[in-house]
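Written out below as structure tokens is the structure these notes cover.
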Amino acid sequence: DQQVKQNSPSLSVQEGRISILNCDYTNSMFDYFLWYKKYPAEGPTFLISISSIKDKNEDGRFTVFLNKSAKHLSLHIVPSQPGDSAVYFCAAREMLMDSSYKLIFGSGTRLLVRP
Amino acid sequence: EPEVTQTPSHQVTQMGQEVILRCVPISNHLYFYWYRQILGQKVEFLVSFYNNEISEKSEIFDDQFSVERPDGSNFTLKIRSTKLEDSAMYFCASKTAGSWTGELFFGEGSRLTVL
């Protein structure tokens, strides 16, 4: 049961161009969505998040768009840089009974930014 | 900058042996998690822990798994009798009580290889 899906396992982009990473979800109860970046042999690091009541959040070169009706979000990186090459995980927040929460991750998209 | 630390970075064990993976979460964090990533697959939720008890556990977290916070700083994951399919990267994560963005802070992971 894949509640968070990243259908593109990989993406290759020229340096300076825009990278668009996509994510779909099925559970309308998710209240926050996050993007994590992961380098080999390291843990995921938080990149940017968006509340389910927003449709856009921007932080420097990174912008996340949320389309609730389509249950779709995307991460835009512009301009892309070689150092952005990593695996990007989309994650959704699900509340637990004790008011804590867990994150449910997608399968990741490997981004390669070519110099 | 405070970080989540995990030991060992890599452990090789024989099938059927017990393994303990250790984590030191960020000191003022109250919620603790274990996730795992089998090579090339998504990051999967195992268990969340708050107020000295498990908040939620996934189907993966069966009777062979247990977690403990023995001394107020360490957070451990024990696998009693390892199986080949337990080979994965295990990530510990933690968060504060007042995080609105849903961000979990991850350690660099412990790679478990079961032979």
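What to note about this one:
- Some residue of segment A:75-96 being at pLDDT below 95, outside any strand (DSSP E or B) and within 14 Å of chain B (Cβ to nearest Cβ): yes
- Checking residue A:102 against (1) in a strand (DSSP E or B); (2) more than 14 Å from chain B (Cβ to nearest Cβ); (3) without any contact (Cβ under 8 Å) to a residue 12 or more places away in the chain, the condition it does not meet: (2)
- In segment B:91-108, residue modelled with the lowest pLDDT [restricted to those that are of a type in the set (S, T, N, Q) and more than 20 Å from residue A:54 (Cβ to Cβ)]: B:96
- Looking only at segment A:81-105, residues that are small (Gly, Ala, Ser) and within 16 Å of residue A:39 (Cα to Cα) come to 3 in all.
- Hey, residue B:103 among the charged types (D, E, K, R) and either away from every other protein chain (no Cβ under 13 Å) or in contact with a Cys (Cβ under 8 Å, 6 or more places away or on another chain) (or both) or not: no
- Tally of residues being under 13 Å from the mean Cα position of the chain (by Cα) and either aromatic (Phe, Trp, Tyr) or within 8 Å of another protein chain (Cβ to nearest Cβ) (or both) across segment B:38-55: 5
- The number of residues in segment A:28-53 being surrounded by 13 or more Cβ atoms within 10 Å (Cβ to Cβ) and in a loop (DSSP other than H, G, I, E, B) comes to 7.
- Test: residue in segment B:27-37 that is away from chain A (no Cβ under 14 Å) and buried (at least 16 other Cβ atoms within 10 Å of the Cβ): no
- Of all residues in segment B:56-86, those satisfying the criterion of being more than 13 Å from chain A (Cβ to nearest Cβ), surrounded by fewer than 19 Cβ atoms within 10 Å (Cβ to Cβ) and either hydroxyl-bearing (Ser, Thr, Tyr) or in contact (Cβ under 8 Å) with a residue 60 or more places away in the chain (or both) are B:66, B:73, B:76, B:78, B:80, B:81, B:83, B:84.
- Residue identified as touching a residue at least 60 places away in the same chain (Cβ under 8 Å), of a type in the set (A, V, I, L, M, F, W, C) and at negative phi among B:15, B:89: B:15
The values are calculated or read from the model by the stated rules, or taken from the named source; none is laboratory data. On a predicted model such as this, the values are computed, not experimentally measured, just so you know. No Cβ is skipped: glycine too gets one built from the backbone with ideal geometry, and neighbour counts run over all protein chains shown.
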